[in-house]
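The values are calculated or read from the model by the stated rules, or taken from the named source; none is laboratory data. Quick caveat, the model's predicted, so the values are computed rather than measured. Cβ coordinates were reconstructed from backbone atoms using ideal geometry, including for glycine residues, and neighbour counts include every protein chain displayed. We work out accessible area using only protein heavy atoms, side chains counted, and drop any ligands, DNA or RNA first. Shrake-Rupley method; radii C 1.70, N 1.55, O 1.52, S 1.80 Å.
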Amino acid sequence: MQPFESIRQLAAKIPAATLVVFVVGFLAACDRQPETPAPAEPSAEPVSQAATGAANQQTSATQSLRMLADDVWAWYLESSTYLRLQEGLPIERIEDMTLAQYHENLARTADFLTQLKAIDGTQLGGDDLITYEILGFELADTGATDVDYWLNFDITPYAGPYTFQFAQQALEVQKINDVAAAAHYLHLVNETADVIDQLIGQVEGQVERGIFLPKPALPSTRATWEGLKAALPAAISVNDTRLAALTPEERAAFTASLEGLIETRVIGGFDRLLAALGADYEAMAPEAVGLGQYGNGDQVYRRRIRKETTLDLSPEEIHQRGLAAVADISARMAAVREELGFTGTAQEFLDELKADPRFIAQTPEAVEQRYLEYIHRIEPKLEAYFKRRPAAAYGVRRLPLASEAGMTYGYYNPPSAADPVGYYNYNASNLPSRSLAWAGSLIYHELLPGHHFHIAMQDENTALQQFRRKYSVAAFTEGWAEYAASLGIEMGMYETPQELYGRNVAEMFLATRLVVDTGMNALGWSLEDARAYMRERVIQSQAEIDSETLRYSTSIPAQALAYRLGYEKMWELRRAAEDALGESFDVRDFHDIVLSDGAKPLPVLTAKTERWIAASKR
């Protein structure tokens, strides 16, 4: 299970869910040039005018769709530092987080939607139809307004800092081999500092509108920016080795300019941001959390639910589904406790599991070794469940130390042009309270057969348009990864009752998020209500629960809903296929149907699966 989202998804996170979110993915054979057809045999009957016209209409629709998909991809690639890093392209500028850019994004999206509506979808089939359906979901007018922008808190630990991580990576790969390159490096440092100013501008605009980050989120938010203030200057400084191509005079001029920028614009910018979040801000900040407390916050939350889950569900319906899931998982956990002969309460068992020394690592190296053990366990079983696997290597490594304080867990970082290995970056802080009882579920979610199988294979399919190769949507990405972790039960990967309980603990964590995310953002729950609810049911430490509940209620509301709802949809579709196909059902075929063309909104995946089932029954 992945309690945190992948970097890929965070890069796709644009204020208010109005931008095309990593509009990319698989479009079968669309990149290929059409083959020269062989000379046709003489036909006994002339081709009808109607047939020729239909073929021309289909060709026109297909070409228009593929051009649109390429245009959308080019637009996003133009402005995304993260995607340019992934593609190994030159970094010309760092993202713009201003309201003006938000308006431009809305306008471009509306223009693309107009172009999509001009395409006759009835003329499309196969992967082209899926691309059309994906674009229909992503480009749809959701009714977003400026309120969506202003209710997006980009200063929280799970939002703004990632822009600086990508900026740092961009600066690390810049070669400084002449004066022009040195000037470009300084330009990118200036662009990075501009982001700090843009965040300050967003905070000031929110204050003018009476919108404040809730008070409970301020300590971790300030700690995050203090950490970046301490770490980023050294990270973007340049040593003499990188300046070897410059003359002594050029080197001295560059170094002086860079030091001046770091001191005045970077460190000074962080100081101004921290000052904007100072005592006066805190005095006005609300104690309550959740989007529902702000004007039109309920509508913004509903739009975010659609974006993250791809489903048209109300907060109340999701809340009830969460309560039902919690009850079901509780019953399964009770069965495991009974098998072990444990006679205490569920909370007492959970407390024992948290403190069980078998699941407490003493060193970061021990954490890594535990993950590797589970990886080696599943590797021999994969062929029986999957027709294909990614070519890219995979591994685990520790998070940067500066990032650990602001994150509950870690994230999967996919292979890229700069680093061809897919890594799960784990959090190794506070090890005594970080139980590894659910480490198997976590690593199967993150790497095999979860995120790495899906994301790396999707990106490796070079027969497909970039639009679909890079497309990401939380409900599919996290839903698949969580389905993959649960698949470990069927594959026999949880070898002891304690490991199986750990899997149930992981599932419980996601189910409770349906309850508390909707509770805090729509149903009037307090932060303490949510924390108390989770405390009674999950294995996470109090510090982890504190961090997670702030994430749901102040940083990225509704994102956590995608995991469990996507998981439920994956299993719903598999059960439907099993029932319909009976003995002819092959799990390898089902997994190929889900993964072969990459991420899709859940309604699109449902339609594709239903078409496959119907074709398989003929």
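Accessible area per residue for the range 331-411 in Å², computed with a 1.4 Å probe and the full protein assembly in place, what is it? Intermediate values should be presented prior to the final figure.
Numbers: 4500 Å² over 81 residues.
Computed with neighbouring chains in place, this is 56 Å² per residue.
When both the range 511-586 and the range 592-618 are represented by their alpha-carbon centers, they are found 24 Å apart.
What is the sum of charges around P219, taking Lys and Arg as +1, Asp and Glu as -1, for the other residues whose C-beta is under 12 Å from the C-beta of P219? Walk me through the numbers on the way to the answer.
Values: positive: K215, R222; negative: E226, E282, D546.
Net charge in that neighbourhood comes out at -1.
Summing charges over neighbours of A417, with a neighbour being any other residue whose Cβ is under 10 Å away from its Cβ, gives -1 when K and R count +1 and D and E count -1. With all protein chains present, how much of the accessible area of the chain (probe radius 1.4 Å) comes from carbon and sulfur, to the nearest whole percent? Solvent-exposed carbon and sulfur of the chain make up 52 percent of the total.
Give the shape of the range 352-440 as rounded, prolate or oblate, defined through the alpha-carbon gyration tensor: a ≥ b ≥ c are the square roots of its eigenvalues, a/c under 1.5 means rounded, and otherwise the shape is prolate if a/b is larger than b/c and oblate if not.
Oblate.
How much of the DSSP bridge set in the chain is antiparallel, in percent, rounded to the nearest 5?
Working: 3 of 10 bridges.
Close to 30 percent.
Between the amide H of Y394 and those of G422, distances stay under 5 Å, these residues lying 5 or more places away or on another chain, with hydrogens modeled in the peptide plane. For the range 152-223 versus the range 288-318, the spacing of their alpha-carbon centroids is 27 Å. In this rough spin-label picture, where each label sits 7 Å from Cα along the Cβ direction, the E172-R611 distance is 4.1 nm. Listed peptides 433-440, 67-74 appear in the order 433-440, 67-74 once ranked by packing, highest mean of other Cβ atoms within 10 Å at the front. Most tightly packed first, judged by the mean number of other beta-carbon atoms within 10 Å of their residues, the peptides 526-538, 145-157 read 145-157, 526-538.
Beta bridges from DSSP with both residues in the range 387-507: antiparallel share about 40 percent, rounded to the nearest 5.
So with the 1.4 Å probe, I'd like the accessible area per residue for the range 59-186, rounded to whole Å². Present the calculation step by step, with values, prior to reporting the outcome.
Details: 5020 Å² over 128 residues.
Solvent-accessible surface per residue comes out at 39 Å².
State, as an integer percentage, the relative contact order of the range 84-167 based on alpha-carbon contacts under 8 Å between residues 6 or more apart. Mind dumping the intermediate values first?
Values: 22 pairs, mean separation 24.6, N = 84.
Reported as a whole number, the value is 29 percent.
When you count the other C-beta atoms within 10 angstrom of each residue and take the mean per peptide, 308-319, 103-114, 334-345 line up highest first as 308-319, 103-114, 334-345.
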